[in-house]
Amino acid sequence: ISAIYIAYTPHPKAGPDGKMPQTEAEAKAKADDLVKQLRAGADFAKLAAEHSEDKESAKKGGEYATIRRSDNYPAAIKDAIFKLKGDEVSDPVKQPAGFYIFKVTERNQQEFKDVAKTVFERVRQEKFSDWLKGMQRELAPKIDTPEYFKGPEPATGSATSIGTLPMPVAPDTVVATVSGKPVTAKQLDEYEKLLPPQGRAAMKQNPEAGLMQLFLIIQLSDEARKRNLDKESPNKEALELMDREVLAQAYVTEERNQTTVSPAEEEAYYKKHMEDFESAKVNAILIAFSPNPKPASDGKTPRSEAEAKAKADDLVKQLRAGGDFAKLATENSDDKNSASKGGEYPSIKRNAPYPQSTKDAVFALKPGEITDPVRQPSGFYIFKLIAKESEPLPAAAPQISARLKQEKFQEWITGLQKQYKPTIEKPDYFKK
């Protein structure tokens, strides 16, 4: 084909030179005029060279490309081209950013020998698609007991409501019918064990699609075994590897679950790490600052870091001189929730995810002492230690047990990794 391309801008705006790009309406009018000239006998190559905005094609008098019906061109373009006869010229064909005018310059019919491979692949794909659709129709499920697939109803009412659980379904209840055969709740419970967690969740959200996928896998795998495909390479080796991976993961999970910690181990850990279970009851004052202070809409400029530091230093000086912490917190703290309670602040635990600078400052205090200002990204804190407390062993035991179990499990994993760390004797073998 040959082509003339008339471009337009969907949302035209003036360019740096002040010129407005061509609108869609202007491009359509120009394309219509060119079609009129061409159908009146004008030379296509001449008009293409003068007007086409596809510069490469314009240089060659509009020569464009060879287009096959099977090519991945927009349907509008192929429909316009393949209905042309002789030297006919197409109407303007609209595309997202321009109009095309086409003229067929040569037609060719490929011989079968040249397209036999393509035809073969296309027919094979069509047959496979038909077979797969047939399987899907055969296995299309019918949901007999919808409540089996429902999760808890959304919570309503009080803040303590956890929603309504669905009524239990008896094991012998037929919950679905697949390929004309009933599927009971017990059977489906067993089948669902084959699925990963996300697969089970998807089953609840869309039972029809989930059952279709599940039974398609079961049906196809059964057919594969009938053909002994599980005994052929590379399927045989892949199945063996999958089997080993599943068993290895099961063994690791069991080893983790069987790891135990004795009360004596918990007590020994507690005594050795008592500081980890220490907490500090504190009061606090926050003096906030803006890292990049700029005037707000009301014209006020937020406090800078230097201003906040000066104010915090002054408050520390007043407090250490006997100033009333509760009064100064109420009057000055930018933590409004704490300020309304005279500076009362949540207890800080050593193992809690507070900044290390905060924990270091607080746990260095004696009861009644005041910290220097502790800088954080958007403010300075001043802390007063009220008391230090230690979490008793019975309360700390679950946390200690979980920590020791993880440590033991990690030691076991590290030991295995050391045991099976390979030595590469022939590096060249792995480069092939």
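None of the figures in this text is laboratory data; all of them are computed from the coordinates on show. The structure presented is a predicted model; accordingly, all values stated were derived computationally and were not measured. Cβ: placed from backbone, ideal geometry, glycine included. Neighbour counts: every protein chain shown.
Rounded to the nearest 500 deg cm²/dmol, what is the calculated helix-only ellipticity per residue at 222 nm for the chain, with -39500 (n - 2.57) per DSSP H run of length n ≥ 4?
Details: 15 runs with 198 residues, N = 432.
Dividing the helical sum by the residues of the chain leaves -14500 deg cm²/dmol.
Which of Phe380, Phe82, Phe44 comes first, and how do the rest follow, when ranked by fewest Cβ neighbours within 10 Å? Walk me through the intermediate numbers first.
Working: Phe380 24, Phe82 12, Phe44 21.
Neighbour counts put them in this order, fewest first: Phe82, Phe44, Phe380.
For a quick check: sort Glu278, Glu88, Glu106 by the number of other beta carbons within 10 angstrom, fewest at the front.
Working: Glu278 16, Glu88 12, Glu106 7.
Ranking Glu278, Glu88, Glu106 by Cβ neighbours within 10 Å, fewest first, gives Glu106, Glu88, Glu278.
Sort 176-187, 261-272 for me by packing, meaning the mean count of neighbouring Cβ atoms within 10 Å per residue, highest on top. The partial results should precede the final answer.
Details: 176-187: 15.8, 261-272: 13.5.
Going by the mean number of other Cβ atoms within 10 Å, highest first, we get 176-187, 261-272.
Let me have the relative contact order for segment 226-385, percent, based on Cα pairs under 8 Å that are six or more residues apart. Don't skip to the end; give the middle numbers.
Working: 192 pairs, mean separation 43.9, N = 160.
Here the relative contact order equals 27 percent.
Using Cβ contacts closer than 10 Å as the measure, can you line up Leu214, Leu220 from fewest to most? Spell out each step's value before the answer.
Working: Leu214 22, Leu220 13.
Least crowded to most crowded, the residues run Leu220, Leu214.
I'd like to know which of Ala396, Ile382, Gly342 lies farthest towards the positive end of the charge dipole of segment 328-431, counting +1 on Cβ of Lys and Arg and -1 on Cβ of Asp and Glu.
Of the candidates, Ala396 comes out farthest on the positive side.
I need the trypsin sites (Lys or Arg not before Pro) found in segment 57-134, filtered to DSSP loop residues with at most 16 other beta carbons within 10 Å of theirs.
Working: sites: Lys59, Lys60, Arg68, Arg69, Lys78, Lys83, Lys85, Lys94, Lys103, Arg107, Lys113, Lys117, Arg122, Arg124, Lys127, Lys133; in loops: Lys60, Arg68, Arg69, Lys83, Lys85, Arg107.
Within segment 57-134, the qualifying trypsin sites (Lys or Arg not before Pro) (loop, at most 16 other Cβ atoms within 10 Å) are Lys60, Arg68, Arg69, Lys83, Lys85, Arg107.
Could you state the orientation-averaged shadow area of the convex hull built on the Cα atoms of segment 189-277, in nm² to one decimal? Mind dumping the intermediate values first?
Details: hull surface 41.2 nm².
Average of the hull's projected areas for segment 189-277 equals 10.3 nm².
Dipole of segment 228-324, Cα-centred, from +1 at each Lys and Arg C-beta and -1 at each Asp and Glu C-beta, to the nearest 20 debye? Walk me through the intermediate numbers first.
Details: 14 positive and 20 negative charges, 199 e Å.
The dipole of segment 228-324 has a size of about 960 debye.
Suppose every Lys and Arg Cβ carries +1 and every Asp and Glu Cβ carries -1, with no other charges. What dipole size does the chain come out with about its Cα centre, to the nearest 20 debye?
On the way: 67 positive and 66 negative charges, 123 e Å.
Taking the Cα centre of the chain as origin, the dipole is about 600 debye.
Quick check: residue separation of Asn235 and Lys83 times 0.36 nm, minus the Cα distance between them. What number comes out in nm?
49.7 nm
With charges set only on the Cβ (+1 for Lys and Arg, -1 for Asp and Glu), what does the dipole of segment 192-281 come to about its Cα centre, in debye to the nearest 20? Walk me through the numbers before you get to the answer.
On the way: 13 positive and 18 negative charges, 81 e Å.
Result for segment 192-281 is approximately 380 debye, rounded to the nearest 20.
State the label only: which of (i) 3, 10, 10, 10, 12, 16, 17, 12, 6, 2, 0; (ii) 5, 20, 26, 24, 18, 6, 1; (iii) 4, 18, 25, 23, 18, 11, 2, 0 corresponds to P(r) over Cα pairs in 10 Å bins from 0, in percent computed from the shown model?
This structure yields the entry labelled (i).
Compute and list, largest first, the equivalent-ellipsoid semi-axes of segment 267-381 from the alpha carbon gyration tensor, each √(5λ) rounded to a whole angstrom. Don't skip to the answer; put the middle values down first.
On the way: eigenvalues 177, 55, 30 Å².
Semi-axes from the Cα gyration tensor: 30, 17, 12 Å.
Normalised by the residues of the chain, what does the relative contact order come to in percent, with Cα pairs under 8 Å and at least six apart? Walk me through the numbers before you get to the answer.
Values: 514 pairs, mean separation 46.0, N = 432.
Relative contact order of the chain: 11 percent.
How much length, in nm to one decimal, is gained on full extension between Asp222 and Ala306, taken as 0.36 nm per residue of separation minus their Cα-Cα distance? Present the calculation step by step, with values, prior to reporting the outcome.
Numbers: separation 84, 0.36 × 84 = 30.24 nm, distance 7.47 nm.
Extra length available between Asp222 and Ala306 comes to 22.8 nm.
Taking the Cβ of Gly368 as the centre, find all other residues whose Cβ is under 14 Å away and add up their charges (Lys, Arg: +1; Asp, Glu: -1). Before the final figure, lay out each step's value.
Numbers: positive: Lys281, Arg320, Lys366, Lys384, Lys388; negative: Asp324, Glu369.
Net charge around Gly368: +3.
Modelled label-to-label distance, Arg69 and Gln187, 7 Å Cα→beta-carbon offset: nm?
4.7
Quick one: of Lys388/Lys408; Lys78/Lys117; Lys349/Lys405; Lys60/Lys83, which pairs are farther than 29 Å apart, Cα to Cα?
Lys388/Lys408
Could you name the lysines in cross-link range of Lys142, using Cα to Cα under 16 Å and dropping any fewer than eight places away on the same chain?
Counting by Cα, and skipping residues close in sequence, Lys142 has these lysines nearby: Lys150, Lys181, Lys204.
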